[in-house]
Amino acid sequence: MITDILVIGSGISGLTYAIKIGEQNPDLRLTMISKNNLLESNTRYAQGGIAVVSNFKKDSFDKHIQDTLIAGAGKCDKEVVRFVVEEGHERLQELMNWGAHFDKKKNSLHLTKEGGHSEKRIVHYKDRTGLEIQESLIRKIKTFPNISLLENHTLVDLITDHHTGSNHQRCYGAYVISNLEQEIIRISSKITVLTTGGAGQLFSHTTNPENATGDGLGAAYRAKVFMKALPFVQFHPTALYPKIDGNTFLISEAVRGEGGILKNANGERFMPNYDPQAELAPRDIVARSIAKEILKSGEDYVYLDCSPIKAEDFINQFPTILDNCKKISINPLEKPIPVIPAAHYFCGGIEVNAYSETKLNGLYAIGECSYTGLHGANRLASNSLLESLVFSHRAALNSLTEMKGNLPSNRFYQEIPEWEGTHHISNEKIVAIGQLKKSLQKLMAKKVGIFKTSEGLIQAENELKKIFLETRDIYMQNKLTLEVCELRNMVSVAYLMIKQSQELKENIGVFYNHDNVA
Ligand SMILES: Cc1cc2nc3c(=O)[nH]c(=O)nc-3n(C[C@H](O)[C@H](O)[C@H](O)COP(=O)(O)OP(=O)(O)OC[C@H]3O[C@@H](n4cnc5c(N)ncnc54)[C@H](O)[C@@H]3O)c2cc1C
């Protein structure tokens, strides 16, 4: 298959980018692949909202910039922070014009506050902002006849000179597996865009869906593209305990923003002992404080007491949270919610410039799979949807210019070789893949989680090596399946994260190694 632009992933980043291309140039052929259905992504689970300065009487770009820089602990790129904050307002307007709704009070947007923000500036739709955005973008993208949507198709590898034997030093598309038929398809493209989201599944407790296995990062690594800031994994302080149907459900920070209070096993409020901003301190501080309280008490969780929030407000603002708590027989209007920290957001990723271009020509990366410099060592709450909107716009405009430039001939793209591989995998190997995945998740949670030690990182590297060798054998000797692809990527991302963590000699932002403390 040949297309002008291949977009890999259908979250807010991929959809926004593709819609922009569709609007600007209806003659370009764009193909979007998505690992599952178009809806399934981190985006659809976003609850809190998008951080955008909207109330200019109280708030300002400068205040949002300052809050972002403080959260990022001196590691943000100031220029990136400035343009993301300043361009956000226009991008939000565009999103609303495309059909996304946000809660209003009288005629203005209803704004909430989250940890680390000095003003109320989170634009939201109840507690299901991501779902509202995702559904409206999907409705919009289906109106473009030049965009083909391939659901249940998964990136295997990016096509580079390694596969073509050429020396253009570009990316030429991707090999993709059809999840149902399990066939490998070659999709040649002049521009390839990774929007594959994060890799929360590297850890046993994560707020991310099952498809967040770091595939874009793994494929970029194999294409020799540089990865930055991987040790900066944000753990969300408040995930519901226990899991529901095997998935960890997030209790949005907005609950604390509206007055929810964290209490330990003895029913005592503890956050003021750790930080003057108490429950609304940046996420890393809240997550570490909870982890310490859990260690002290020996219990598996702490409590989020929602009694300071008026019942009527809670019901209106947090209907999804209410429903999910009830699934485990907790009524937050009557009883505190048991919560634990869970892997939530990858601040690091594929290094890109201000237009989302990677170092490999023809390859872009947008959204959570990328490292733009916005988040530095810690993301300010609700800045990620904002980053996706701003960078999708910039990347789309840049791609349109690149398409007019000097590219390899059409014939070159037609002649890219097909994928070659074996055609059989045994049941025994399928079971082994599942076991290896679980071992990796446990290892990462234990040794590369909120608190790390230098010794633990060495042990993690050694243990991972065994998982790597088994995975490599399965990959080399068996038919390629979706599960093998995911495991291969998880191993690569885990390896890079461990190696980069070993190199970090200061505790900064979300990163904490006990042995770095002087
Ligand atoms: C529970 C939760 C709550 C959140 N709340 C907020 C919030 O309130 N505000 C905020 O700003 N951020 C929030 N975030 C973070 C934010 O949702 C994500 O950072 C953002 O949605 C990322 O968008 P994306 O388009 O980059 O990736 P995603 O939305 O994750 O989309 C990735 C896409 O890539 C596809 N994909 C993955 N691998 C492959 C592959 N190999 N082949 C093909 N397709 C692939 C997936 O199927 C999916 O379609 C939250 C995240 C979670 C998990």
Of the residues in the range 362-371, those that are of a type in the set (Gly, Ala, Ser), within 12 Å of the ligand (Cβ to nearest atom) and either over 18 Å from Gln169 (Cβ atoms) or outside any strand (DSSP E or B) (or both) come to Gly367, Ser370
Subset of the range 245-274, residues part of a loop (DSSP other than H, G, I, E, B), under 27 Å from the mean Cα position of the chain (by Cα) and crowded, with 16+ Cβ neighbours inside 10 Å, comes to Thr248, Phe249, Ile251, Ser252, Glu258, Gly260
Of the residues in the range 188-204 that are within 18 Å of Leu150 (Cβ to Cβ) and within 11 Å of the ligand (Cβ to nearest atom), the one that is farthest from the chain's Cα centre (by Cα) is Val193
Filtering the range 146-187 down to residues that are of a type in the set (S, T, N, Q) and either near the ligand (Cβ under 10 Å from one of its atoms) or within 19 Å of Leu28 (Cβ to Cβ) (or both) yields Asn146, Ser148, Asn152, Thr154, Asn179
Screening Leu360, Leu385, Leu440 for residues that are outside the structural domain of Asp284 (by TED's automatic domain parsing), in contact (Cβ under 8 Å) with a residue 60 or more places away in the chain and closer than 23 Å to Ile12 by Cβ leaves only Leu385
Only one of Gly421, Gly456, Gly449, Gly434 is closer than 30 Å to Leu69 by Cα and either out of contact with any Leu (no Cβ under 7 Å at 6 or more places or on another chain) or touching a residue at least 60 places away in the same chain (Cβ under 8 Å) (or both), namely Gly449
Looking across the range 275-286 at residues that are surrounded by fewer than 21 Cβ atoms within 10 Å (Cβ to Cβ) and of a type outside the set (A, V, I, L, M, F, W, C), the single one that is modelled with the lowest pLDDT is Gln277
Checked the range 13-37 for anything within 15 Å of the ligand (Cβ to nearest atom) and touching a Lys or Arg at 6+ places or on another chain (Cβ under 9 Å); matches are Leu15, Thr16, Ile19
Flagged pairs (Cβ under 7 angstrom, 6 or more apart or on separate chains; first in the range 117-133, away from the ligand (no atom under 11 Å from the Cβ); second aromatic (Phe, Trp, Tyr) and part of a loop (DSSP other than H, G, I, E, B)) are Glu132/Tyr125
Among the residues of the range 372-393, the number that are over 14 Å from the mean Cα position of the chain (by Cα), buried (at least 24 other Cβ atoms within 10 Å of the Cβ), not in a loop (DSSP other than H, G, I, E, B) and not aromatic (Phe, Trp, Tyr) is 2
Of (1) touching a Phe, Trp or Tyr at 6+ places or on another chain (Cβ under 7 Å); (2) part of a loop (DSSP other than H, G, I, E, B); (3) not small (Gly, Ala, Ser), Arg488 satisfies every one except (2)
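Could you run through the range 472-501 and say how many residues are polar (S, T, N, Q) and more than 21 Å from Gly198 (Cα to Cα)?
Of the range 472-501, the ones polar (S, T, N, Q) are 477-478, 481, 489, 492, 500-501.
Then keep just the ones that are more than 21 Å from Gly198 (Cα to Cα); that gives 477-478.
Number of matching residues: 2.
Within the range 104-117, how many residues are outside any strand (DSSP E or B) and within 14 Å of Ala254 (Cα to Cα)? It would help to see each step written out before you state the result.
Filtering the range 104-117 down to residues outside any strand (DSSP E or B) leaves 106-107, 110, 113-117.
Filter once more, so that each one left must be within 14 Å of Ala254 (Cα to Cα): 110, 113-117.
So the count comes out to 6.
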Pro231 vs (1) in a loop (DSSP other than H, G, I, E, B); (2) crowded, with 17+ Cβ neighbours inside 10 Å; (3) out of contact with any Phe, Trp or Tyr (no Cβ under 7 Å at 6 or more places or on another chain): all pass except (3)
Output yes when any residue across the range 437-455 is farther than 27 Å from Ser188 by Cα, within 16 Å of the ligand (Cβ to nearest atom), part of a loop (DSSP other than H, G, I, E, B) and of a type outside the set (Gly, Ala, Ser), and no when none is. no
Residue pairs qualifying under the 6 Å Cβ cut-off, at least six apart or on distinct chains, with the first in the range 501-517 being assigned to a helix (DSSP H, G or I) and the second being polar (S, T, N, Q), are His514/Thr453; Asp515/Thr453; Asp515/Ser454; Asn516/Asn507
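Return yes or no: is Arg128 exposed (fewer than 14 other Cβ atoms within 10 Å of the Cβ) and of a type in the set (D, E, K, R)?
Spelling it out, it is not the case that Arg128 is exposed (fewer than 14 other Cβ atoms within 10 Å of the Cβ) and of a type in the set (D, E, K, R).
Residue-by-condition table, conditions (1) farther than 27 Å from Thr129 by Cα; (2) part of a helix (DSSP H, G or I):
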{"site": "Ala220", "(1), (2)": "yes, yes"}
{"site": "Lys224", "(1), (2)": "yes, no"}
{"site": "Ile294", "(1), (2)": "yes, yes"}
{"site": "Glu312", "(1), (2)": "no, yes"}
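For the range 38-49, which residues satisfy the criterion of being within 6 Å of the ligand (Cβ to nearest atom) and not aromatic (Phe, Trp, Tyr)?
Of all residues in the range 38-49, those within 6 Å of the ligand (Cβ to nearest atom) come to 40-43, 45-49.
Matches in the range 38-49: Glu40, Ser41, Asn42, Thr43, Ala46, Gln47, Gly48, Gly49.
How many of the residues making up the range 342-361 are within 15 Å of the ligand (Cβ to nearest atom) and either part of a loop (DSSP other than H, G, I, E, B) or closer than 22 Å to Lys78 by Cβ (or both)?
First, the residues of the range 342-361 that are within 15 Å of the ligand (Cβ to nearest atom): 342-350, 352, 356, 358.
Restricting the remaining residues to those that are either part of a loop (DSSP other than H, G, I, E, B) or closer than 22 Å to Lys78 by Cβ (or both) gives 345-350, 352, 356, 358.
So the count comes out to 9.
The values are calculated or read from the model by the stated rules, or taken from the named source; none is laboratory data. Predicted model only: the values in this text are computed from it and were never measured. Counting neighbours? That spans all protein chains shown, and the Cβs are built from the backbone with ideal geometry, glycine included.
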